[in-house]
Amino acid sequence: MRLDGVHHVTCITADAPRNVDFYTRVLGLRMVKKTVNQDDPTVYHLFYADEEGSPGSDITFFEYPGARRGQAGAGMVHTVGWRVGSDEALDFWEQRLGGEVGSVLRESGAVTFEDPEGLRHELAVVDTSDAPLVAGHPEVPAELALQGFDGVRAFATDPEASRPLLEDALSFESRGESVWEARGPNRGGLYSYDNPPSEPGVGGAGTVHHVAWASTMGDHETWRERALSAGASPSPVIDRFWFRSIYFREPSGVLFEIATLGPGFAVDEDPEHLGESLVLPPAFEHMREQIEPVLTPLPDPRAATRIS
Ligand code: ZN
């Protein structure tokens, strides 16, 4: 029984319109679901992914309007890693991002940058047989596009404290000092720790809220039992409609989720039109007329991809 890599990464934005513009127009991802926070339906939960809305490519944002800029510290994910196919892809992104974000760092085999709110990303050429998870965008040739997550990097003061949960309960495999991989039948995702900065972390805009690892529907309850027996305090199984979720904090402090592969984003929308209209959880559908007017107006996520 293995987790199938990263399912999704959920982050925080204080500026939803700019967030839509950056992740769709600039990074070339597809908005695959536009919905509201299931705990507060007056703010968005926005999902970007490949063309199919596949687990392994899905970065999501809770909208906290007006939230101050956060800063990753111990117990927080500080970098989201993505795969690209070649050094030519790194050349492309170095140039494309150069006009959009503050600074773009090109190193051997990787490009790192921060999104407009300070969330750090790394694009890396990765040798893998995992399927590339790519979105269509007229300015981003498919062979140069982002290909899904490679993993996440977090800050931890004592990575060894997390080893028993990662290895014994979650079956992550050690891949070197403070690096683990969750590799299932279809995909793998890396989880690494770095030494934290001296300042404590501050949640807020531009920080990662949690990272979700992918489980089959059949294994889901067993992962919960395993987390429980390793000393974690998992939530009950929560039905998120597009997948089911279990949450717990791992010993280094990062909030983990185990999310199911399926049923998927097409369960309540035509796959051809994912993310184009506001989808409300069933419990909030009767409030649509009250909710829609209070939400932040967003740019058309397909504007950049529509051929005029
Ligand atoms: Zn999640």
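The slack in the chain from Ser129 to Ala266, taken as 0.36 nm per residue of separation less the alpha-carbon distance, amounts to 46.7 nm. Of the residues Pro271, Leu166, Leu228, the one whose Cα sits farthest towards the positive end of the charge dipole of the chain is Leu228 (charges of +1 on Lys and Arg Cβ, -1 on Asp and Glu Cβ, taken about the Cα centre). Principal axis analysis of the Cα atoms in the range 6-294 yields extents of 49, 44, 39 Å, listed in decreasing size. Put +1 on the Cβ of every Lys and Arg and -1 on every Asp and Glu Cβ in the range 6-294; which of Leu90, Pro293, Leu105 then has its Cα farthest towards the positive end of the dipole? It is Pro293.
Taking label positions 7 Å along the Cα-Cβ direction at both Leu278 and Ser103, the computed distance is 4.0 nm, reported to one decimal. Relative to the Cα centre, the charge distribution of the chain, modelled as +1 at Lys and Arg Cβ and -1 at Asp and Glu Cβ, gives a dipole magnitude of about 380 debye. Each Lys or Arg adds one and each Asp or Glu subtracts one; over the other residues with Cβ under 11 Å from the Cβ of Gly53, this totals -3. Computed per residue of the chain from DSSP H runs no shorter than four, each worth -39500 (n - 2.57), the mean residue ellipticity at 222 nm is -3000 deg cm²/dmol.
Just the protein heavy atoms count here, and of the accessible area of the range 6-294 at 1.4 Å, carbon and sulfur take up 48 percent. Surface exposure of the range 6-294, expressed per residue as accessible area with a 1.4 Å probe, stands at 41 Å². Between Met217 and Thr157, the contour length at 0.36 nm per residue exceeds the alpha carbon distance by 18.2 nm. Electrostatic tally near Ala161: other residues with Cβ closer than 14 Å to its Cβ, Lys and Arg +1, Asp and Glu -1, net -3.
Basic side chains Lys and Arg get +1 at the Cβ, acidic Asp and Glu get -1 at the Cβ, and with that the dipole of the range 59-125 about its Cα centre reaches some 280 debye. Using a cut-off of 12 Å between beta-carbons, work out the net charge of the residues near Ser245 (Lys and Arg +1, Asp and Glu -1, Ser245 not included). With Lys, Arg at +1 and Asp, Glu at -1, the neighbours total +1. For the peptides 90-97, 65-72, residues were scored by their other Cβ atoms within 10 Å and the scores averaged per peptide; the highest-first order is 90-97, 65-72.
The values are calculated or read from the model by the stated rules, or taken from the named source; none is laboratory data. Computed from a prediction, not measured in an experiment: that's the story for all the values here. Cβ atoms come from the backbone with ideal geometry, glycine included; neighbour counts cover every protein chain shown. Remember, those area values only see protein heavy atoms, side chains included, never the ligands or the DNA or RNA. Shrake-Rupley method; radii C 1.70, N 1.55, O 1.52, S 1.80 Å.
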